[in-house]
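Working notes, beginning with the structure itself.
Readers should treat all values here as calculations from the given coordinates under stated rules, not as data from a laboratory. Bear in mind that the values here come from a model prediction, so they are computed numbers and not experimental data. Counting neighbours? That spans all protein chains shown, and the Cβs are built from the backbone with ideal geometry, glycine included.
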Amino acid sequence: MHALREFAGFLIAPLVPGVLLSSYALIRQEWDGALGIIGVSAFLAYPFAVIVGAPLYLLFEQRRWRAWLHYAAGGAFVGTLLYVAAPIVVVLIMSLNGQRGGSLTLDLFLLPIMIVCAVIATIMFWLIVRPDRHEPISP
């Protein structure tokens, strides 16, 4: 049962911030803008869920950090890491496509947005998986 909930958490939770951010565009019937927001969100969120989120989840399970507050703090960490790493990843992808010499920086106002989005995703993951209800691991 845990594996199915964990799979659902890793499948659904990374999309939630993108869906929430695109809701304004959807309300204004800007379909292309909404799809673009969801696409960029998925492009950033799923790799981070695998590369950072999965090891963080395993660390939390090992240490028995299962409260929603632990996951919110982990989300803030992931959001900050995303803010730092996203420009590096974009420049690397651009260089792989033959576009050399580029650099990219993100405006500082994006930092709290990325942190909030990551916290929303990790809390959504927590709500789906509910690690606080897992049985204690015997030593």
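Quick notes
- Local net charge near Y71, Cβ-Cβ under 15 Å (Lys/Arg +1, Asp/Glu -1): +3
- Taking every full run of DSSP H in the chain, the ones that stretch at least 30 Å from end to end by Cα along their long axis and average 1.6 or higher on the Kyte-Doolittle scale are 68-96.
- Rounded, prolate or oblate (a/c below 1.5 giving rounded, otherwise prolate when a/b exceeds b/c) for region 52-106 by Cα gyration tensor: prolate
- Here the gap between T80 and L96, fully extended at 0.36 nm per residue and compared with their Cα-Cα distance, gives a gain of 3.3 nm.
- With contributions of -39500 (n - 2.57) from each DSSP H run of at least four residues, the per-residue ellipticity at 222 nm computed over the chain stands at -24000 deg cm²/dmol.
- Debye log10 I(q)/I(0) at q = 0.10, 0.16, 0.18 Å⁻¹ for the chain, Cα point scatterers: -0.38, -0.87, -1.04
- Max mean-square fluctuation residue, GNM over the chain, Cα-Cα springs under 10 Å, options F77, F48, F109: F109
- Within a Gaussian network of the chain (alpha carbon springs, distance under 10 Å), most fluctuating of V90, V19, V116: V90
- Taking a ≥ b ≥ c as the square roots of the eigenvalues of the Cα gyration tensor, region 1-42 is prolate, since a/c reaches 1.5 or more and a/b is larger than b/c.
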